[in-house]
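These notes are about the structure you will find just below.
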Amino acid sequence: MTPSSIAPATSTFDRVLVGVDGTEPAYEACRQARALAAPGAALEAVAVVHLSDAIQVGLEAQRAVDVLREEGETALAEAGRILGDRAGTRFLNGFVTAALLREIDAFEATVLAIGSHGHRRLTEIMLGGVAGEMLHSAPCSVLLARRSAGGDPFPARIVVGVDGSECSQIALAAAEALARRLSVPVEAVVATQGREVDLDAVRRLAPAAREIVAHPAVGLVEAAAGAGLLVVGSRGLHGIRALGSVSERVAHRASCSVLVVRGGTGA
C-alpha cells in the first residue's frame, strides 16, 4: 500500500503498524492492536531482520541468512493469522529501529504497537532497546502491549492521565473515544505533585478526575494497577531531555499496556 492510496487519518487506530519478532509479547501486541483497531482500519505487521549480521559469521553465512529469513516469515505468518485477513505483512532488512521508523513514514502509521519484553527502563535507555527508542523517536502514537492480568478481556478498563496540558487533552479525547467505541469504563486521573500540573485546567477538562497526591510517574502507575490500558500524552521530548519524560517512565513501569498518544486524532 502506498502513502498516496491511504485516506487521511481520523483516529489513533486508523493505520496500525505492529512490530513482530516471533515472541509471545509481539503476538500479544498483535492481539491488542486488532482489539483496538478502528472499524475499517489498515493493519500491517512487519518483521525486521538485519541480514548483514548473518553474513559476517563465516562459512555458514548463507545458512544463517536463510534461518533469519525463515524465522521472520514464520513470525509474519502468525501475526497475519492474529490480525486477520485484511492485514498486510512485510519482511524488512535493516537495523530494527531505523527500519521501523522508515515503515511508519511509508505506511503513514497512526500508531505503532510493540510488545513489552520486560526490560528495565535504564537498560532500554543505555542499550537502545526497541521500546525505548520508539517511545522517544516515533512520530506516531505508540502502544506498548502487556498481557492483561488474570486473562481479562482487553481492555476491561481504561485509565488516562491528565495534567491540564494540551497533550493530556489529546490523550483524554483518545481514551474517551476508545472507551465509547469499545463500551468499557474510563477513569481520568491527575497526580498532583507534577511540576507542570494545572489543576484549574484539569477541573475544566475532566471535572470527575481522581486526584492522587504523588508524582505522575508514580501515581499513574498505581492508579492503573488492574486496568487493561493506561493512556498518557507525550510532550515530544527527545534525547537527554526524554530521561525526565513522564510518558516514557510510565510506559516502562506500568503493569498494564500503555498507549502514548501523539497527534490530535481520536480513537
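No value in this document is a laboratory result; all are computed from the given coordinates. Quick caveat: nothing in here was measured; it's all calculated off a predicted structure. Quick reminder, even Gly has a Cβ in these numbers, built from the backbone with ideal geometry, and neighbours come from all protein chains shown.
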Could you give every pair whose Cβ atoms fall below 6 Å, whose first residue belongs to the range 93-107 and is crowded, with 20+ Cβ neighbours inside 10 Å, and whose second residue is charged (D, E, K, R) and part of a strand (DSSP E or B), counting only separations of at least 6 or pairs across chains? F107/E44
Of all residues in the range 195-222, which are within 19 Å of R262 (Cβ to Cβ) and small (G, A, S)? A217
Mind checking which pairs have a first residue in the range 205-234 that is under 16 Å from L144 (Cα atoms) and a second that is outside any strand (DSSP E or B) and of a type in the set (F, W, Y), Cβ under 7 Å, 6 or more apart or different chains? G228/F154
